[in-house]
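Some notes on the structure that comes next.
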Amino acid sequence: MRLSLSGHNASRQQPHAANDSCTLIAATGGPFLLYRLMKSKLFSVLLALALVTIPSPAMAQAAAISAPITDVGYEVTFTRANAGRRQVRSAMTFTVGGTEPVLLSLPAWTPGAYEIGNFARDIANFSAEEGGSSLAWDKVDPDTWRIRPRGVGQVSVRFDYLADSLDNANTWSKSDFLLFNGTNLFPYAEGRGFDFPASVNVSTEAGWKVVTGMTQTGPRRYSASNYHDLVDMPFFVGQFDVDSAQISGTWVRFATYPSGSVSGGPRVAVWEALKLVIPVEVKVFGEVPWTTYSVMQILDPAYGGGSGLEHQNSHVDVIGPGMASTPVMPSLYAHEIFHAWNVKRLRPADLWPYRYDSEQPTALLWISEGITDYYADLAEVRGGIVDAKGFYSLTSDKMSEVDGLPATSLEDASLSTWVHPRDGTEYIYYPKGSLAGLLLDIMIRDASDNRASLDNVMRNLYNAAYKSDRGFTADEWWQAVTKAANGKSFTDFYARYIDGREPFPYDKVLPLAGMRVARDTTRVPQLGIASLQDSVGVHVTQVLPQSAAADAGIEAGDDLISVGGFQANDPEWTDKFRSRYSRQPEGTSLPVVIMRDGAQQTLTARLHFVNRIESRVVEDPRPSAKARRIREGILRGITAN
Ligand SMILES: [Zn+2]
């Protein structure tokens, strides 16, 4: 998935449940998902009825499968003129062999962003033609169009796509810039598979640039050998900065919009970070899986927080000003780039191959996301971006974040992400999955006397599953873990901590790696709300009973403007709030400005303190020689072999 940065919120001291672009859609994800489930159930009932009452398999088939199409090409047109309308034009051409209807579907989601995107709602001015005259068309479901060709020949389908969603799974434009994903602009023939080659032409202003991971075959012409690759390679089109450097023997590009948004020292720093994290990630798997890699980044003043979305040879980051040039950025890059192996190639079988017409849940997302986030931390410490203390601090933040959330199993959280749980656990599989990675790494190293590590699990599965063109199963994962751990059984660990909801056994496991957890209890002022931040504002999603917020009359659905004089959209507001009010007496009056039903109101809350337990990972001052070796092994990426 795109990195929600919930795993990093704690390190930025940001208590909001989440603050990435996912949350923009979170509010609508539930109802739309329900609708889709209802739709598919209704459809199967209707299909069954049709089979009973009208015994015509041909008719039933016609409802689900497109006539075959060949010579598929797409053209994307983005000029100053469409930019002014915040639209991009997509044209699809293909050859048909007769008059059978062609069914074209638009994906319901962008892989990596585990939510239904409903991209079809951004389509306007749909038309189809053959030989210069228009063809009849209608819809067969919300994102499938049925076109009726007149006979053998070339058909063209055109539509405009509304490019105003600042979301790395979607399409977004400014007067001089376009980000688009193929999942938004490139329909596919329903039921005809995804193994068809396709070309993409980009038609744009003469002086504008194009960056994409797709293979270039001519001036602004690109090709992919199959649909999965086609829609996994987003584009930047327009005026932006781009430069490149060789890292681990391949060319890496850094494309940033708007021009000048990452320049001078900060740009040098990004390159330094990439040169430190990529080689240590390569070392885990033993190979670079891409020919070129593109880091594509948008900085927008209206965007709250930050979000990355991974692809096989690129990733797209969207960040707000509060995130730019902070220590979170190398971590974001390390996370997204590690996905080039873990999830884009080494992928749960439930997600292999991707399907585009509905949600595709897996109980193993904690491996794809949480373990990836563990390796982001490892890449930082192994690459030298942070020292051991920095690594412990990243780990401590994740512990505190998980401790503050309802007990949730990693497998359940993996499945639930599609419905965007609103109890704060929507992204818990990032930090908790990362901590599971640390525990597994330590237990494998302990059981193997540091001859093997979690790196072996990742590399072995990558070679066994991905190199055989398939996904891996949960059984394979645990077998690989057991094998690396010298035959140790993880049945009990799985039952209690992965399938189950028991608190992680830090006190038992961390000392095996010369680490332990210190717990500090502090009194902190607390408002008592859960909130979601997006580019529009900070939305209150939950008010804790008997909290300062409840007493003041704050309600779920309010937009939070400021608390105690601190703007709620400031990423540091909780820090600032706590440092000003932590020494004030309980009950001190606290102005809270909210927006409700379009009107601004000032409510008065009374300062309320709660006990907060913070976990801190510290080094064991007297570790055994073995524990010391394991600790060094984790921090430096080495084993005894
Ligand atoms: Zn991720």
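Any idea which residue in the stretch 167-187 is most open to solvent (accessible area, probe 1.4 Å), counting only those that are closer than 16 Å to Arg85 by Cβ and assigned to a strand (DSSP E or B)?
Taking the candidates together, the pick is Lys174.
Considering only residues that are surrounded by 24 or more Cβ atoms within 10 Å (Cβ to Cβ) and assigned to a helix (DSSP H, G or I), which ones fall in the stretch 223-240?
Scanning the stretch 223-240 gives Tyr227, Leu230.
So Pro591 passes all but one of these: (1) without any contact (Cβ under 8 Å) to a residue 24 or more places away in the chain; (2) more than 35 Å from the chain's Cα centre (by Cα). Which condition number does it fail?
Of everything listed in (1) without any contact (Cβ under 8 Å) to a residue 24 or more places away in the chain; (2) more than 35 Å from the chain's Cα centre (by Cα), Pro591 misses just condition (1).
When you scan the stretch 548-575, how many residues do you find that are without any contact (Cβ under 8 Å) to a residue 12 or more places away in the chain and either out of contact with any helix residue (DSSP H, G or I) (no Cβ under 9 Å at 6 or more places or on another chain) or in a loop (DSSP other than H, G, I, E, B) (or both)?
Count: 1.
Matching residues to (1) within 25 Å of the chain's Cα centre (by Cα); (2) open to solvent by 40 Å² or more (accessible area, probe 1.4 Å):
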residue	(1), (2)
Ala436	yes, no
Ala452	no, no
Leu461	yes, no
Tyr466	yes, yes
Ala480	no, no
Lys488	no, yes
Asp492	no, yes
Ala495	no, yes
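For the stretch 483-509, which positions are in contact with a helix residue (DSSP H, G or I) (Cβ under 9 Å, 6 or more places away or on another chain) and assigned to a helix (DSSP H, G or I)?
Correct list: Lys483, Ala484, Thr491, Phe493, Tyr494, Tyr497, Ile498, Tyr506, Val509.
Scan the stretch 392-414 residue by residue and report those that are modelled with pLDDT of 95 or more and polar (S, T, N, Q).
Ser393, Thr395, Ser396, Thr408, Ser409, Ser414, listed by residue number.
If Gly424 satisfies all but one of (1) farther than 20 Å from Asn342 by Cα; (2) modelled with pLDDT of 95 or more, what's the number of the condition it fails?
The single condition Gly424 does not satisfy is (2).
Residue check: is Ala556 out of contact with any Phe, Trp or Tyr (no Cβ under 8 Å at 6 or more places or on another chain) and over 18 Å from Gly598 (Cα atoms)?
Answer is no for this residue.
Being over 26 Å from Gly97 (Cβ atoms) and in a strand (DSSP E or B): is that true of Val157 here?
no
Run Ile147 past the list (1) free of Cβ contacts under 8 Å to residues at least 60 places away in the same chain; (2) under 17 Å from Met92 (Cβ atoms); (3) assigned to a loop (DSSP other than H, G, I, E, B) and report the number of the one that doesn't hold.
(3)
Suppose the filter is free of Cβ contacts under 8 Å to residues at least 12 places away in the same chain and surrounded by fewer than 22 Cβ atoms within 10 Å (Cβ to Cβ); does Gly97 pass it?
When the stated conditions are applied, Gly97 does not pass them.
Do you know which residues across the stretch 577-616 are of a type in the set (D, E, K, R) and either at positive phi or surrounded by fewer than 15 Cβ atoms within 10 Å (Cβ to Cβ) (or both)?
Arg580, Arg583, Glu586, Asp597, Arg606
From the list Arg121, Arg146, pick out the single residue that is farther than 30 Å from Gly306 by Cβ and at pLDDT 95 or above.
Going through Arg121, Arg146 in turn, the sole match is Arg146.
Which count do you get for residues in the stretch 348-358 that are part of a loop (DSSP other than H, G, I, E, B) and open to solvent by less than 20 Å² (accessible area, probe 1.4 Å)?
Summing the residues that are part of a loop (DSSP other than H, G, I, E, B) and open to solvent by less than 20 Å² (accessible area, probe 1.4 Å) in the stretch 348-358 gives 2.
In the set Ala640, Ala625, which member is touching a residue at least 60 places away in the same chain (Cβ under 8 Å) and either among the hydroxyl-bearing types (Ser, Thr, Tyr) or closer than 30 Å to Val284 by Cβ (or both)?
None of the others qualify; the one that does is Ala640.
Could you please give the count of residues in the stretch 116-141 that are in contact with a helix residue (DSSP H, G or I) (Cβ under 8 Å, 6 or more places away or on another chain), over 16 Å from Val231 (Cβ atoms) and of a type in the set (D, E, K, R)?
The number of residues fulfilling the criteria is 1.
Given (1) part of a helix (DSSP H, G or I); (2) away from the ligand (no atom under 15 Å from the Cβ), identify the lone condition not met by Thr417.
Status for Thr417: all satisfied but (2).
If I filter the stretch 398-408 for residues that are at negative phi, within 16 Å of the ligand (Cβ to nearest atom) and within 16 Å of the chain's Cα centre (by Cα), do I get at least one hit?
Within the stretch 398-408, not a single residue is at negative phi, within 16 Å of the ligand (Cβ to nearest atom) and within 16 Å of the chain's Cα centre (by Cα).
Can you tell me which of Leu274, Leu309 is under 21 Å from the mean Cα position of the chain (by Cα) and crowded, with 23+ Cβ neighbours inside 10 Å?
Being under 21 Å from the mean Cα position of the chain (by Cα) and crowded, with 23+ Cβ neighbours inside 10 Å holds for just one of Leu274, Leu309, which is Leu309.
I need a count of the residues in the stretch 438-450 that are part of a helix (DSSP H, G or I) and open to solvent by 10 Å² or more (accessible area, probe 1.4 Å).
Matching residues across the stretch 438-450 total 3.
Any residue in the stretch 363-378 that is within 24 Å of Ala495 (Cα to Cα), more than 16 Å from the ligand (Cβ to nearest atom), of a type outside the set (D, E, K, R) and part of a loop (DSSP other than H, G, I, E, B)?
yes
Between Leu544, Leu532, which is closer than 27 Å to Ser409 by Cβ and touching a strand residue (DSSP E or B) at 6+ places or on another chain (Cβ under 6 Å)?
Result of the check over Leu544, Leu532: Leu532.
Suppose the filter is in contact (Cβ under 8 Å) with a residue 12 or more places away in the chain, in a loop (DSSP other than H, G, I, E, B) and farther than 29 Å from Arg355 by Cβ; does Gly207 pass it?
Yes, satisfied.
For the list (1) in a strand (DSSP E or B); (2) over 26 Å from Phe119 (Cβ atoms), I need the number of the one condition that Leu274 fails.
(1)
Every residue in the stretch 290-341 that is in a loop (DSSP other than H, G, I, E, B) and within 14 Å of the ligand (Cβ to nearest atom), please.
His311, Gln312, His339, Ala340, Trp341, listed by residue number.
The values are calculated or read from the model by the stated rules, or taken from the named source; none is laboratory data. Worth saying up front: this structure is predicted, and the values here are computed from it rather than measured. As a convention, Cβ positions derive from the backbone with ideal geometry for all residues, glycine included, and neighbour counts pool all protein chains shown. SASA here: full protein model, heavy atoms, side chains in, ligands and nucleic acids out. Shrake-Rupley method; radii C 1.70, N 1.55, O 1.52, S 1.80 Å.
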